[in-house]
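Visitor: Got a structure for you, questions after.
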Amino acid sequence: MANRSRDHAAFLDLCACLKGRIPPSTDWEGVLGLANRTLVTPALAGALRGQDARVPPEAAGMLHVIAERTAARNRMMHGQLTEAVAALAAEGIVPVLLKGAALLARRGPECDDRLLTDLDLMVREDEGPRAFAALEAIGYRRLDGPTETSPGQGANLGRERDVGGLDLHYRLKRIGRGRNLQWLVDACSPFAIGTGTAAMPSPAALTALFVLHDQLQEADYWRGRIDLRHLVDMARLAEEEGGLDGGELAALFPPGRARRALAVQLDTLAAWLGVRVTIGERGWRVAFQRWRRDLQLRRPGLETALTLASCLADPPLGLFEHRGFSARSREIRRILLEQKATKV
């Protein structure tokens, strides 16, 4: 964050607005700039719907336009999802809906408060070749360049006519032993999409996927970073379900590091969006991470030092999975150097 005091104030104002409460002296330029960077502008438009009299006309007009464009984009992406699920169903494959794809399916094609950049689906690894062939038959091709998936993990696919890509996953990463695809399938129920059927994660399992992706896969547990869009997703799921069962959610994570990462994210959810989900996992590491996140938001220049301290306090699993020095070095560089502009 370049202007620390202003950006921190904008973050506080944005979180308040996402809860539907507009602070009296809101810095709208800062709030809208941060909302755009963190991809939560559609969610902000939804949270402030009906409060136009309290929002400056230019800001209100922009939020209306964003909501309309998001709805138009999501109608196209819902059609894309429906077509992909039907193509896989023709091969006897029932994909698991992940993250934004699951939210879009739950909310329908008129969803206007959640921006999707791609669709994430998961199939068994032994179904991978048939799944890829089925998607290739309707025009998908592998995308060139760096991707989040690699051989054995899946494939990133795209078509020129679509507004977003499609990521085909074969397995979950970095959650721990015993939490494989079957673990997720067991927490799903059938969900009809067009002429096909997909597997829809339970609200707790979908929340767990957001936590897993951010905290462990993208290493936010050690970096102290916050993916505000996914935090809003968790808050919205809790609202839709009348709350989330902390015990059910905790049971989806293995004890130790993974459950501590869950506790930290739930503390963040309570601190910034006011949604409380209680689990029993606590201890000094969780308290330290809660303290460092607040400090890092106010003083981002401390991020590298605090990340190193976090790695020493609760070493990442990857440091023990990799035996060679070069592999461990890559893991350290990944945690320290890989950044996403959409996170705060």
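The values are calculated or read from the model by the stated rules, or taken from the named source; none is laboratory data. Just so you know, these numbers come straight off a predicted model, no measurement behind them. Heads up, the Cβs are rebuilt from the backbone with ideal geometry, glycines too, and the neighbour counts pull from every protein chain shown.
Visitor: Do any residues in the range 101-121 that are closer than 13 Å to Pro203 by Cα have Cβ atoms under 7 Å from those of residues that are of a type in the set (D, E, K, R) and modelled with pLDDT of 95 or more, where the two are at least six apart or on different chains, and which pairs are they?
Guide: Close Cβ pairs satisfying both conditions: Leu103/Arg114; Leu103/Asp233.
Visitor: Being part of a helix (DSSP H, G or I), modelled with pLDDT of 95 or more and touching a helix residue (DSSP H, G or I) at 6+ places or on another chain (Cβ under 8 Å) is the requirement here; does Leu269 meet it?
Guide: Values: part of a helix (DSSP H, G or I): yes; modelled with pLDDT of 95 or more: yes; touching a helix residue (DSSP H, G or I) at 6+ places or on another chain (Cβ under 8 Å): yes.
So Leu269 fits the description; yes.
Visitor: Could you tell me which residue of the range 34-56 is farthest from Ala235 (Cα to Cα), considering only residues that are among the small types (Gly, Ala, Ser) and at pLDDT below 95? Even if it seems obvious, please write down each step before you answer.
Guide: First pass over the range 34-56, keeping only residues among the small types (Gly, Ala, Ser): 35, 43, 45-47, 50, 53.
Now narrow it down to the ones that are at pLDDT below 95: 50, 53.
Numbers: Gly50: 20, Ala53: 25 Å.
The residue in question is Ala53.
Residues checked against (1) surrounded by 18 or more Cβ atoms within 10 Å (Cβ to Cβ); (2) assigned to a helix (DSSP H, G or I); (3) modelled with pLDDT of 90 or more:
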| residue | (1), (2), (3) |
| --- | --- |
| Ala235 | yes, yes, yes |
| Ala238 | yes, yes, yes |
| Glu248 | no, yes, yes |
| Gln265 | yes, yes, yes |
| Thr278 | no, no, no |
| Leu295 | no, yes, yes |
| Ser326 | no, yes, no |
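Visitor: So, one more: Could you tell me whether Arg159 is basic (Lys, Arg) and closer than 18 Å to Asp233 by Cα?
Guide: Numbers: basic (Lys, Arg): yes; closer than 18 Å to Asp233 by Cα: no.
No, not satisfied.
Visitor: Taking the range 238-294 as the region of interest, how many residues are within 12 Å of Thr207 (Cα to Cα) and of a type outside the set (D, E, K, R)?
Guide: Within the range 238-294, residues that are within 12 Å of Thr207 (Cα to Cα) and of a type outside the set (D, E, K, R) number 13.
Visitor: Tell me whether the range 73-84 contains one or more residues that are without any contact (Cβ under 8 Å) to a residue 12 or more places away in the chain, out of contact with any Lys or Arg (no Cβ under 7 Å at 6 or more places or on another chain) and not polar (S, T, N, Q). Can you show your working first?
Guide: To start, the set of residues in the range 73-84 that are without any contact (Cβ under 8 Å) to a residue 12 or more places away in the chain comprises none.
No, that holds for no residue.
Visitor: A further question follows. Taking the criterion of being in a helix (DSSP H, G or I), modelled with pLDDT of 95 or more and surrounded by fewer than 16 Cβ atoms within 10 Å (Cβ to Cβ), would at least one residue in the range 77-96 satisfy it? So that I can check it myself, show each step before the final result.
Guide: The initial filter retains those residues of the range 77-96 that are in a helix (DSSP H, G or I), namely 77-89.
If we keep only those that are modelled with pLDDT of 95 or more too, we end up with 77-89.
When the remaining residues are screened for being surrounded by fewer than 16 Cβ atoms within 10 Å (Cβ to Cβ), the result is 79.
Yes; the residues of the range 77-96 include at least one that is in a helix (DSSP H, G or I), modelled with pLDDT of 95 or more and surrounded by fewer than 16 Cβ atoms within 10 Å (Cβ to Cβ).
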